[in-house]
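The values are calculated or read from the model by the stated rules, or taken from the named source; none is laboratory data. Everything numeric here is computed off the predicted structure, so don't read it as measured data. We place every Cβ from the backbone using ideal geometry, glycine too, and count neighbours over all the protein chains shown.
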Amino acid sequence: MAITLTHDVGVSDPVLAVSAGISRSPSEPPLLITVDSEDMYIDSNACGSTSWPVIRGANGTSRAPHSSGATVITQVAVTGVVAVANGGFPGVGIKDADGNVIASITFAPDGGVGIEVTPGGVPTAWITMAPQGQIIIVASSATLFQNLILDREMGIRWSVSDPTRQTLYSSAEFGPAGSKINLPTADPAVAGAWWNDAGTVKVSAG
């Protein structure tokens with residue numbers, strides 16, 4: 001849930017009026033927040049309310065006015081490190097102020113390592129490194145899935161697809177067996193995009 005300012009804030013105002021509080025233990029250190037380009041600190045005791053007394057201009061940033069509706073970004077505290085188990089493998093993660101694990105690293109018994117970024121609990125990017133010499137990099141959104149595989153024996157493979165429509169936009173392979181690029185077989189209707197028309201590479205006019 002995004003937190004926003006509910007009133008304009010002047011350069012010298014010491015209190016922010018926000019749309020929602022945050023559940024946070026009073027024993028945790030002050031929470032770092034960012035509004036526009038200004039960093040501020042708020043005492044953890046006050047996080048649960050919608051009126052936040054803040055220390056302005058933190059981390060060398062400049063105090064500035066902020067308009068009602070501006071997004072309040074809550075930064076991760078160092079104390080937000082927790083134990084996680086991803087796919088049954090142990091690891092450590094970092095949680096945000098709402099308790100969601102937003103990034104983690106896990107370790108497999110064979111020496112493999114996995115790094116995952118999950119803002120709001122939703123995976124958006126991850127890297128898997130296998131001891132046999134393979135690295136898999138993935139970036140995803142609701143409508144786009146990008147996959148890059150680096151393999152010491154098979155070379156490089158990548159693909160771009162739409163998981164919601166099960167549509168493969170394009171893919172390619174570069175390795176000892178040769179190189180191959182797979183293009184969409186229908187005009188993607190995107191200006192400048194390549195597509196394969198029965199063996200003929202064409203450029204979409206959009």
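A few notes on this one:
- Scanning the range 124-152 for residues that are of a type in the set (Phe, Trp, Tyr) and assigned by TED's automatic domain parsing to the domain that holds residue 163 yields a count of 1.
- Search result, residues across the range 145-170 that are aliphatic (A, V, I, L, M) and either loosely packed, with under 13 Cβ neighbours inside 10 Å or at pLDDT 85 or above (or both): 148, 149, 150, 154, 156, 160
- For the residues 103, 97, 189, the requirement of being surrounded by 13 or more Cβ atoms within 10 Å (Cβ to Cβ), in a loop (DSSP other than H, G, I, E, B), modelled with pLDDT under 90 and of a type outside the set (Asp, Glu) singles out 97.
- Restricting attention to the range 126-143, the residues being at pLDDT below 85 and either of a type in the set (A, V, I, L, M) or in a strand (DSSP E or B) (or both) number 1.
- When residues of the range 66-94 are limited to those that are surrounded by 13 or more Cβ atoms within 10 Å (Cβ to Cβ) and in a loop (DSSP other than H, G, I, E, B), the one modelled with the lowest pLDDT: 77
- Selection count, the range 166-186, where residues are outside any loop (DSSP other than H, G, I, E, B) and either of a type in the set (A, V, I, L, M, F, W, C) or in contact with a helix residue (DSSP H, G or I) (Cβ under 7 Å, 6 or more places away or on another chain) (or both): 4
- Residue match in the range 58-69 (condition: in contact with a Phe, Trp or Tyr (Cβ under 6 Å, 6 or more places away or on another chain) and within 18 Å of residue 95 (Cα to Cα)): no
- When residues of the range 1-59 are limited to those that are surrounded by fewer than 17 Cβ atoms within 10 Å (Cβ to Cβ) and of a type in the set (D, E, K, R), the one nearest to residue 73 (Cα to Cα): 36
- Among the candidates 186, 139, the residue that is within 27 Å of residue 116 (Cα to Cα) and touching a strand residue (DSSP E or B) at 6+ places or on another chain (Cβ under 9 Å) is uniquely 139.
- Condition check for residue 150 on (1) over 22 Å from residue 90 (Cβ atoms); (2) touching an Asp or Glu at 6+ places or on another chain (Cβ under 6 Å); (3) assigned to a strand (DSSP E or B): one failure, at (2).
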